[in-house]
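Asks: Before I ask anything, here is the structure I am working with.
Quick note: the coordinates plus some simple rules give every number you see, no bench work behind them. Just so it is clear, the structure is predicted and the values come from calculations on it, not from any experiment. Counting neighbours? That spans all protein chains shown, and the Cβs are built from the backbone with ideal geometry, glycine included.
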Amino acid sequence: MNNKGQNSKKTNYLFITSCYLPNPDASGLCVSLVAEELLRQGNEVECISYWDEKLPIHEVMEHQNIYRIPKPFYSRIRQKYAHSSKWFERFMMNGITFVRKIKSVFILPFFPSVSLLREWKIYCLASKLIKEKKIDCVVGSFRPFDGVSVAIKLKKKYPNLKTCAYFLDLLHCDKPAGIPKNMYEKLCSKRLLHVFQKVDLTILPMSGKKEFKKSFYDSIRSKLYYAEFPLVREMKWEKKNLFFHDDGQINLVYAGTISKQIRDPSYLLKLFSKLRERNSNLFLHIFGPCNDPEFKKLCDAQDGLIYYGKVESKIAYAALGEADVAINISNQASQMVPSKIFELFSFRKPILNFVKEKMDCALSYIERYPLVCNVFEYENNLGKDVKETERFLENFSQQGEIKFETVCELYKQCTPHHIIELLAFLQRK
C-alpha cells in the first residue's frame, strides 16, 4: 500500500481499548498514537476505555471524546489487594480467585471473554455513539477481548458499519494454568476463525504470521493483515535536567516495569556492579513500578544506582531523552515481542539489550538497529559481558546520532502511518 491509502474524506472512528489517555497501558498507547495520526489527517475519533477512579466517566482530551467503563470486578479487586500484606485481604483475594476459576468453567463457551456484563455495557454505549456520532468504523483492540467481541456484535446489528479487530497481542501466548496445551490451542484457533469471519478486516502482530499461514485459515486469509506495535515516531519530551552530564558521567536508563516473572533485572544489576567497580562515572537510573522488596534493597545497597519507582510517563520519556544509553530487558517469554523496544528505537539512543533466551523473537528487530550491544544473559558469561559492554560504552559517542528517517526506514511496519493505511484500505473495500 502507498500514500493513496490515506482517506480523502473525513471518517468517524470509534476505538474500544483498555487503559487510555491520560495514562495508557501498552495497548492504549498504541491506539492513542493511531488516533493522533487520524486526527491530524482530519478524521474524528471517539474512544471507549477502562475507567479509573481518579478520572471522569467522560471527557474530551486531545480532541477526542473519551468514554470510560469500569474494569471487570476481579481486575479491580486484584489491582487493589493482590500485593497486600494483610492476612484478611490476602484471604479474601484467594477466595475471590477460587470463585473466578469456578466461574470460568461456566463462561467457557464465550471464551476468551471474561466479563459479559462489561461487554454488554460497552455494546450499549457503542450503539448509542454509532447513532449520535455517525460512526463509520469501529476498531476493537485486543487485549482485552471486550473490544473485538463488541465489534462483532455491532457488525451484526449494523451491516454497513466497517469493523476491524486489532490484535496487539496473540491469543495463543497466554495459556491459563490447568488447561492442556493442545486443547487451549484448538480453542484459540476456533475462536479466532470466528472473529476473522465476522469482522471486515483483522490486523495481527507479525509474530503470528507463521501461525495464521496454516490451511485452517485459508477461507479468510484475504481479510488478514500484519503490523507491529505502532510506536516508532519522532519522540518529543520535556527537558527536566534529571542527570549530570559533565566530568565524563555516563547515564544508563531503564524505564519500564520490573518483575521477576516477566523482566528480571538480576543480571543487569550484577553486570552494573562489575562495571561500576571499574568506572565510577557510570550511573544506572531505573524508572518503573516494582513490588519486589528484595530488588529495592539491592538498589539501595548498590553505589551509582538510583531507583525512582513508578513515575508519570512524561518523566520516563524525559529520562530516556536525556540518557546516554537506554536499556532494554527482554521478556522471559521469548515468543512475546515487548512493545517497549519500538519506543526505544524512537529515542535514537544507543541501546544495551539484555537477552534472556536464545530464541528471543525480539532479536530480529533489535539486531537491525544501528547502535546496540546485546548481552546474552542465558550464556551466563559475566567476564565476557563486562568487556563487551565496556567497549560499547567507550565507543558509542563516536558513532554519531541516528537519523529519524533511518529508524523509519528500518521499521516501516512499526509506525502509526502503517496502521492508518490499513484502516484507509478498509474504508475503500
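Asks: Which entries in the list Lys101/Lys131; Lys131/Lys223; Lys181/Lys213 go over 31 Å, if you measure between the two C-alpha atoms of each? Kindly include the intermediate steps, with their values, before the conclusion.
Replies: Values: Lys101/Lys131 38 Å; Lys131/Lys223 26 Å; Lys181/Lys213 20 Å.
Pairs exceeding the cut-off: Lys101/Lys131.
Asks: Rank these for me by crowding, Glu238, Glu185, going from fewest to most other beta carbons within 10 Å. Walk me through the intermediate numbers first.
Replies: Working: Glu238 9, Glu185 15.
With the fewest neighbours first, Glu238, Glu185 line up as Glu238, Glu185.
Asks: Considering the convex hull of the alpha carbon atoms of the chain, report its projected area averaged over all viewing directions, in nm², one decimal.
Replies: On the way: hull surface 88.2 nm².
Mean projected area for the chain: 22.1 nm², to one decimal.
Asks: From the mean inverse distance of alpha carbon pairs (Kirkwood) and the Cα radius of gyration, derive Rg over Rh for the stretch 306-416. Kindly include the intermediate steps, with their values, before the conclusion.
Replies: On the way: Rg = 14.3 Å, Rh = 15.0 Å.
Result for the stretch 306-416 is an Rg/Rh of 0.95.
Asks: Which value in nm describes the separation of the simple spin-label points at Glu59 and Lys384, placed 7 Å from the Cα toward the beta carbon?
Replies: 5.1
Asks: Using just the helices of the chain, give the 222 nm mean residue ellipticity in deg cm²/dmol: DSSP H runs with n ≥ 4 each add -39,500 (n - 2.57), and the total is spread over all residues, rounded to 500.
Replies: On the way: 14 runs with 169 residues, N = 429.
The per-residue figure over the chain is -12000 deg cm²/dmol.
Asks: Across all directions of projection, what mean area in square nanometres is found for the Cα convex hull of the stretch 84-135? Mind showing how you got there, number by number?
Replies: Details: hull surface 22.4 nm².
That works out to 5.6 nm².
Asks: Okay, next question. Stretch Arg391-Lys181 to full length: gain in nm at 0.36 nm per residue minus the Cα-Cα span? Show your work: numbers first, answer last.
Replies: Working: separation 210, 0.36 × 210 = 75.60 nm, distance 4.40 nm.
Between Arg391 and Lys181, full extension yields 71.2 nm more.
Asks: For Cα pairs less than 8 Å apart in space and 6+ apart in sequence, what is the mean separation divided by the residue count of the stretch 256-323, i.e. the relative contact order in percent? Spell out each step's value before the answer.
Replies: Working: 61 pairs, mean separation 21.1, N = 68.
With pairs under 8 Å counted, the relative contact order is 31 percent.
Asks: Also, I was wondering about something else. For the stretch 33-153, what is the charge dipole size about the Cα centre, in debye to the nearest 20, if Lys and Arg each add +1 at the Cβ and Asp and Glu each add -1 at the Cβ?
Replies: Numbers: 20 positive and 13 negative charges, 159 e Å.
With only Lys, Arg, Asp and Glu charged at Cβ, the dipole is about 760 debye.
Asks: Tell me, in nm to one decimal, what length is gained between Ile262 and Arg368 on full extension, where the rule is 0.36 nm per residue of separation less the Cα-Cα distance? Please list the in-between numbers first.
Replies: Values: separation 106, 0.36 × 106 = 38.16 nm, distance 2.38 nm.
Length gained, Ile262 through Arg368: 35.8 nm.
Asks: When Lys and Arg each count +1 and Asp and Glu each count -1, what net charge do the other residues less than 9 Å away from Ile258, Cβ to Cβ, add up to? Walk me through the numbers before you get to the answer.
Replies: On the way: positive: Lys260, Arg263; negative: Asp264, Asp292.
Value of the local net charge: 0.
Asks: If you don't mind, another one. Do me a favour and compute the ellipsoid semi-axes for the stretch 76-162 from its Cα gyration tensor, root of five times each eigenvalue, largest one first, whole Å.
Replies: Values: eigenvalues 235, 42, 17 Å².
Sorted largest first and rounded, they come to 34, 15, 9 Å.
Asks: Shifting gears a bit: With charges only on Cβ, +1 for K and R and -1 for D and E, what is the dipole size of the stretch 203-249 about its Cα centre, in debye, rounded to 20?
Replies: Details: 10 positive and 7 negative charges, 97 e Å.
The dipole of the stretch 203-249 has a size of about 460 debye.
Asks: Continuing with this model, one more query. For Lys403, list the lysines whose Cα falls under 21 Å from its own Cα; do not include residues on the same chain fewer than 8 positions away.
Replies: Within the straight-line cut-off, Lys403 pairs with Lys236, Lys239, Lys340, Lys349, Lys412.
Asks: Between the stretch 77-148 and the stretch 382-427, what is the C-alpha centre distance in whole Å?
Replies: Going from one Cα centre to the other spans 35 Å.
Asks: Is the C-alpha gyration tensor of the stretch 372-429 telling us rounded, prolate or oblate? Criteria: a/c under 1.5 is rounded; beyond that, a/b larger than b/c is prolate, otherwise oblate. Intermediate values should be presented prior to the final figure.
Replies: On the way: a/c = 8.33, a/b = 2.30, b/c = 3.62.
Oblate is the answer for the stretch 372-429, as a/c is 1.5 or above yet b/c matches or exceeds a/b.
Asks: Any number yet on Rg/Rh for the stretch 39-103, C-alpha, Kirkwood? Walk me through the intermediate numbers first.
Replies: Numbers: Rg = 17.3 Å, Rh = 14.4 Å.
A ratio of 1.21.
Asks: Rounding to the nearest 20 debye, state how big the charge dipole of the chain is about its Cα centre with +1 on each Lys and Arg Cβ and -1 on each Asp and Glu Cβ.
Replies: Numbers: 66 positive and 48 negative charges, 477 e Å.
Dipole magnitude for the chain comes out near 2300 debye.
Asks: Counting other C-beta atoms within 10 Å, which of Lys340, Lys175, Lys209 has the fewest, and how do the rest follow? Write out the running numbers ahead of the final one.
Replies: Working: Lys340 21, Lys175 15, Lys209 11.
Ranked by crowding around the Cβ, least crowded first: Lys209, Lys175, Lys340.
Asks: Using the number of other C-beta atoms within 10 angstrom as an exposure proxy, rank Trp87, Trp237, Trp51 with the fewest first.
Replies: Working: Trp87 8, Trp237 16, Trp51 19.
Least crowded to most crowded, the residues run Trp87, Trp237, Trp51.
Asks: Something else now. Give the lysines reachable from Lys134 as a straight Cα distance under 20 Å; neighbours fewer than 8 places away on the same chain don't count.
Replies: Cα-Cα hits under 20 Å: Lys9, Lys10, Lys121, Lys153, Lys155, Lys156, Lys157, Lys162, Lys429.
Asks: Mean Kyte-Doolittle of at least 0.0 and a Cα length of 27 Å or more along the axis: which whole DSSP H helices of the chain meet both? Before the final figure, lay out the partial values.
Replies: Working: long enough: 87-106 (29 Å, 0.29).
Membrane-span-like by this rule: 87-106.
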